[in-house]
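Below: the structure, in C-alpha cells.
The values are calculated or read from the model by the stated rules, or taken from the named source; none is laboratory data. Since the structure is predicted, the reported quantities are computational estimates derived from the model, not experimental observations. So basically every Cβ, Gly included, is an ideal-geometry build from the backbone, and we count neighbours across all protein chains shown.
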C-alpha cells in the first residue's frame, strides 16, 4: 500500500516547509536586530539597572535619615562642619595642634 507521504511532490513540499521554517527560526533567533540573543542581553541589562535603582533608592533613604538627624541635632551639625569642613564661627580663631609620635 502506497502512502501519500512518499509522493515525490508532497515530499518536496514537506522538505521546503522544513527548510523555510528552520531559516525563519534561525533568522529571528540569531540574525534579526531584535533576535533572541539581543533580547536576552537587553533583559539582563534591564535586571542589572533595576538592581542598581534599588541600591540607589536604599542609599537615598539612608541619606534622607542622616539629613533629618542633622536638622534635629545642631551640635552634631556644628561638629561635622568644624571637623570635616574646617568651618568656624565668625570672629573665632582656630588653632591646629599637630601631634608628634
Test result for residue 75, part of a helix (DSSP H, G or I), on the phi < 0 side of the Ramachandran plot, out of contact with any strand residue (DSSP E or B) (no Cβ under 9 Å at 6 or more places or on another chain) and surrounded by fewer than 10 Cβ atoms within 10 Å (Cβ to Cβ):
yes
Taking the condition loosely packed, with under 10 Cβ neighbours inside 10 Å and either out of contact with any helix residue (DSSP H, G or I) (no Cβ under 7 Å at 6 or more places or on another chain) or not in a helix (DSSP H, G or I) (or both), does residue 83 pass?
yes
Name the residues in the stretch 11-56 that are under 22 Å from the mean Cα position of the chain (by Cα), at pLDDT below 85 and surrounded by 11 or more Cβ atoms within 10 Å (Cβ to Cβ), would you?
35, 36, 37, 38
Near pairs, Cβ below 8 angstrom, 6+ apart or cross-chain, from the stretch 75-101 (free of Cβ contacts under 8 Å to residues at least 40 places away in the same chain) to any residue that is surrounded by 10 or more Cβ atoms within 10 Å (Cβ to Cβ) and assigned to a loop (DSSP other than H, G, I, E, B)
81/87; 82/88; 94/88
